[in-house]
1. Residues that are at negative phi, in a loop (DSSP other than H, G, I, E, B) and within 16 Å of ligand 2 (Cβ to nearest atom): does the stretch 2-17 have at least one?
2. Can you say whether ASP13 is open to solvent by less than 20 Å² (accessible area, probe 1.4 Å), in contact with a strand residue (DSSP E or B) (Cβ under 6 Å, 6 or more places away or on another chain) and among the charged types (D, E, K, R), as far as the supplied structure shows?
3. Which members of the stretch 57-94 meet the condition of being under 17 Å from VAL26 (Cα atoms), away from ligand 2 (no atom under 16 Å from the Cβ) and exposed (fewer than 14 other Cβ atoms within 10 Å of the Cβ)?
4. Limited to the stretch 122-139, what total is found for residues that are within 16 Å of ligand 2 (Cβ to nearest atom) and within 11 Å of VAL153 (Cα to Cα)?
5. So if I check each of ARG124, ARG105, ARG149, ARG118, which one is on the phi > 0 side of the Ramachandran plot and among the basic types (Lys, Arg)?
6. Do you know which residues across the stretch 43-56 are open to solvent by 30 Å² or more (accessible area, probe 1.4 Å) and under 21 Å from GLY132 (Cβ atoms)?
7. Filter the stretch 8-27 down to the residues that are among the aliphatic types (A, V, I, L, M) and more than 19 Å from SER98 (Cα to Cα) and list them by number.
8. Out of the stretch 170-191, which residues are surrounded by fewer than 18 Cβ atoms within 10 Å (Cβ to Cβ) and more than 25 Å from VAL3 (Cβ to Cβ)?
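The values are calculated or read from the model by the stated rules, or taken from the named source; none is laboratory data. This structure is a prediction, so every number in the text was calculated from the model and none was measured. Neighbour counts run over all protein chains shown; Cβ positions are idealised from the backbone, glycine included. Ligands, DNA and RNA are stripped out before the accessible areas are found, and what is left, the full protein with its side chains, is counted by its heavy atoms. Shrake-Rupley method; radii C 1.70, N 1.55, O 1.52, S 1.80 Å.
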Amino acid sequence: MKVKSDDALIIVDLQNDFCQGGALPVAGGDAIVPGINGIVPKFAHAVFTRDWHPAMHCSFSPNPTYTDGSWPVHCVEGSNGAMFHPGLHVPASAWIVSKATDPDREAYSGFQGTDLARRLSERRINRLFVCGLATDYCVKSTAIDGVERGFEVLVLEDLCRAVDVPPGSGVAALEQMRQEGARTITSGELE
Ligand code: VGL
Ligand code: ZN
């Protein structure tokens, strides 16, 4: 599959807190970094989203269950945990989208409460290739939101990892994305 000039790559939340040693580690999160670095140069447009919470975010709990939307404190704006993984190559031309910045509102999708949609249409983007963390939360939500907003969405299955609580939610998320109209592909299919 050829990458075209009106395609955008969306790299979701490849941040320290979602990787090994972080506050909310996603198993295998670090392992997708080299693969992502390998495909970023194929795209004329690369969007890096980041979870960017205020210190008192509504999703934070001292006893998080994960499944009810409560999480340990993570990705506090400006903190080391909120920084992109140190191995991730973020080009100077990359565009960074901060989300879930409102203390009272959760936002898993990169479109929610951001100018992502407007900027994609300004640049006449038609297809979105989505990868990153986590498959069952922010990747899923961003991909489905993209479909609903009229984009053709392709999820790079091998370059995503899931929280997977409860177990199986990663696989279920991929299935749900397909049902909602996204395609799942692997990075090896990209020319
Ligand atoms: C995410 C849980 C809480 C994600 C963000 O990036 O998938 N998951 N906040
Ligand atoms: Zn979060």
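1. Filtering the stretch 2-17 for residues at negative phi gives 2-12, 14-17.
With in a loop (DSSP other than H, G, I, E, B) added as a condition, the list becomes 2-6, 14.
Imposing the further condition that a residue be within 16 Å of ligand 2 (Cβ to nearest atom) reduces the set to 14.
So far as the stretch 2-17 goes, yes, one or more of its residues are at negative phi, in a loop (DSSP other than H, G, I, E, B) and within 16 Å of ligand 2 (Cβ to nearest atom).
2. Working: open to solvent by less than 20 Å² (accessible area, probe 1.4 Å): yes; in contact with a strand residue (DSSP E or B) (Cβ under 6 Å, 6 or more places away or on another chain): yes; among the charged types (D, E, K, R): yes.
Spelling it out, ASP13 is indeed open to solvent by less than 20 Å² (accessible area, probe 1.4 Å), in contact with a strand residue (DSSP E or B) (Cβ under 6 Å, 6 or more places away or on another chain) and among the charged types (D, E, K, R).
3. PRO86, GLY87
4. First pass over the stretch 122-139, keeping only residues within 16 Å of ligand 2 (Cβ to nearest atom): 132-139.
Narrowing the set further to residues that are within 11 Å of VAL153 (Cα to Cα) leaves none.
Final tally of qualifying residues: 0.
5. ARG124 is the lone residue from the list that is on the phi > 0 side of the Ramachandran plot and among the basic types (Lys, Arg).
6. In the first step, residues of the stretch 43-56 are kept if they are open to solvent by 30 Å² or more (accessible area, probe 1.4 Å); the result is 44-45, 50, 52, 55-56.
Selection gives ALA44, HIS45, ARG50, TRP52.
7. To start, the set of residues in the stretch 8-27 that are among the aliphatic types (A, V, I, L, M) comprises 8-12, 14, 23-24, 26-27.
Across the stretch 8-27, the qualifying residues are VAL26, ALA27.
8. So the first thing to find is which residues in the stretch 170-191 are surrounded by fewer than 18 Cβ atoms within 10 Å (Cβ to Cβ), and the list is 171-172, 175-176, 178-181, 183-189, 191.
Within the stretch 170-191, VAL171, ALA172, GLU175, GLN176, GLN179 meet the criteria.
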